Amino acid sequence: MIPFSPPRIDDKIIDEVINTLKSGWITTGPKTKLLEKKIANYCDVSNVLAVNSWTAGAELLLYWFGIKEGDEVIVPVYTYCATANIVRHRGAKVIMVDVSTDFGIDISKIEPFITSKTKVIIPVDVGGFPVDYFELNRLIQKIEVIKLFNPTTENQEKLGRILILSDAAHSFGAIYKGKKVGSMADFTVFSFHAVKNLTTAEGGAICINLPEPFNNNEIYSHLNTLTLHGQNKDALAKTQKGSWEYDVIDAGFKCNMTDILASIGLVEFDRYETENLPKRKWIFERYTTALKKQDWAIIPVYKDNNRETSYHLYMLRIKNCTLKQRNLIIQEIFDQEVSVNVHYKPLPLLSYYKSLNCNMIEYPVAKEIWETEISLPVFYDLTEEQINKVIEVVISAVNKILD
């Protein structure tokens, strides 16, 4: 069976993890801090905070910004549930907006959903393809949008506008207008989950990019404290002579990254641009070369004048395909020993969000994409022989079901 997206675990990673275990630093320590610095430099931001998951990191930011019951947060309807779940965790209302055919939130449709209750917009770089950050930032800077903003906390008052929290779970290494994703929003949060391009097994990272008068060094320090239950000294700081005593300044979270996880990330980071991304790009090009010849294939957009994907997901769509046919195609592909997936089931189709009176009829683009999309395997160890089999099996399955 050709798997969908297994992690790359080789001797380099195993040796680095063993080195960490032998070092005595298995929680947050020097390797975590080194990974933070490497990511900050890569993304051209002053500060990066490593956390134990995208979800925990993103919810931490909503907490920091003071999101609470009565507030509204705008998200794309086509995303993984975590994007919306963190909003519900804070007691706020999820406001869903339809997407464009490139899978990202349709920025032209956002403004009618902005009210005096809107505090945050969470765009999602689905599949690793960046949203149009320039247009999104232009929207929140419009005079009429700023006038609607109603701050209720000190941080909201200081920012003076809607916060942009980028869900870049898929897009580490993606490019927007010549720069790596990470510095286009107030906060950008990456995921380093096992299936992601760069993995730490579980984990994530927050790129801090707030404008003046915020001091991003101070924000980093405060968020770091919040990842440790609000304790003002982490394990590394407490090892200094006479530094045993600590205080708790807030009822924080527990979402710090450990050096065991960071050790995996350091190996992956050091070969990301030279090995991982080139291989994924090559896989995308092989799929595209073969599938563009098929009149039923809608090839995913993964590069344009301003944007280039991180090559995380190859999201193929089948033209003039019903939901029933799409599902039969997937079953046929699995029957031929190839794993595929679907990204994503839109939020209103999930039982929890359906119970909140969310209706899929209101999101026609997302509905069409969901019913026709199939994600193909993309991972570092995928061989040429396996790629050829995936292509052969997909073409065969689609032709069989649509015939």
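The values are calculated or read from the model by the stated rules, or taken from the named source; none is laboratory data. Everything numeric in this text was worked out from a predicted model, so none of it was measured. Counting neighbours? That spans all protein chains shown, and the Cβs are built from the backbone with ideal geometry, glycine included. SASA here: full protein model, heavy atoms, side chains in, ligands and nucleic acids out. Shrake-Rupley method; radii C 1.70, N 1.55, O 1.52, S 1.80 Å.
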* So, of the residues in the range 344-403 that are among the basic types (Lys, Arg), modelled with pLDDT of 95 or more and assigned to a helix (DSSP H, G or I), which turns out to be most open to solvent (accessible area, probe 1.4 Å)? -> Lys400
* Being surrounded by fewer than 23 Cβ atoms within 10 Å (Cβ to Cβ) and among the β-branched types (Val, Ile, Thr) is the filter here, so list the residues in the range 82-101 that pass it. => Val94, Ile95, Thr101
* **Contacts under 9 angstrom Cβ, first residue in the range 259-276 being on the phi > 0 side of the Ramachandran plot and at pLDDT below 95, partner surrounded by fewer than 21 Cβ atoms within 10 Å (Cβ to Cβ) and not in a helix (DSSP H, G or I), 6 or more apart** => none
* Looking at the range 335-343, is at least one residue small (Gly, Ala, Ser), in contact with a strand residue (DSSP E or B) (Cβ under 8 Å, 6 or more places away or on another chain) and touching a residue at least 12 places away in the same chain (Cβ under 8 Å)? -> yes
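Out of everything in the range 1-52 that is farther than 30 Å from Val394 by Cβ and among the hydroxyl-bearing types (Ser, Thr, Tyr), what residue ends up being surrounded by the most Cβ atoms within 10 Å (Cβ to Cβ)?
That would be Thr32.
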* If you check Glu202 against the conditions, is it free of Cβ contacts under 8 Å to residues at least 40 places away in the same chain, surrounded by fewer than 22 Cβ atoms within 10 Å (Cβ to Cβ) and more than 23 Å from Pro123 (Cβ to Cβ)? -> no
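Is it the case that the range 294-307 has a residue that's in a helix (DSSP H, G or I) and either open to solvent by 20 Å² or more (accessible area, probe 1.4 Å) or not polar (S, T, N, Q) (or both)? Give the derivation first.
If we filter the range 294-307 for residues that are in a helix (DSSP H, G or I), which is where we start, we get none.
No: zero hits.
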* Taking Thr79 as the residue in question, decide whether it is open to solvent by less than 10 Å² (accessible area, probe 1.4 Å) and among the polar types (S, T, N, Q). => yes
* Return a yes/no flag: does the range 279-289 have any residue that is surrounded by fewer than 22 Cβ atoms within 10 Å (Cβ to Cβ), touching a residue at least 24 places away in the same chain (Cβ under 8 Å), more than 19 Å from Tyr311 (Cα to Cα) and over 17 Å from the mean Cα position of the chain (by Cα). => no
* Condition met for Arg161 (in a helix (DSSP H, G or I) and either charged (D, E, K, R) or open to solvent by 60 Å² or more (accessible area, probe 1.4 Å) (or both)) -> no
* Asked: Given Ser171, Ser221, Ser166, which one is free of Cβ contacts under 8 Å to residues at least 12 places away in the same chain and among the hydroxyl-bearing types (Ser, Thr, Tyr)?
  -> Ser221
* **Ala58, sole failed condition from (1) in a helix (DSSP H, G or I); (2) surrounded by fewer than 22 Cβ atoms within 10 Å (Cβ to Cβ); (3) among the hydrophobic types (A, V, I, L, M, F, W, C)** => (2)
* Asked: Does Asp71 count as farther than 21 Å from Asn256 by Cβ, of a type in the set (Asp, Glu) and open to solvent by 20 Å² or more (accessible area, probe 1.4 Å)?
  -> no
* **Sole exception among (1) open to solvent by 10 Å² or more (accessible area, probe 1.4 Å); (2) in contact with a Pro (Cβ under 8 Å, 6 or more places away or on another chain) for Gly66, by number** => (2)
* To do: Give me a count of the residues in the range 173-195 that are in a loop (DSSP other than H, G, I, E, B), in contact with a Gly (Cβ under 9 Å, 6 or more places away or on another chain) and open to solvent by 10 Å² or more (accessible area, probe 1.4 Å).
  => 1
* Scope the range 308-343; condition part of a loop (DSSP other than H, G, I, E, B), touching a Leu at 6+ places or on another chain (Cβ under 9 Å) and open to solvent by less than 50 Å² (accessible area, probe 1.4 Å); matching residues -> Ser310, Tyr311, Leu313, Cys321, Val340, His343
* Go through the residues of the range 199-221 one by one and say whether even a single one is part of a helix (DSSP H, G or I) and touching a Phe, Trp or Tyr at 6+ places or on another chain (Cβ under 9 Å). => yes
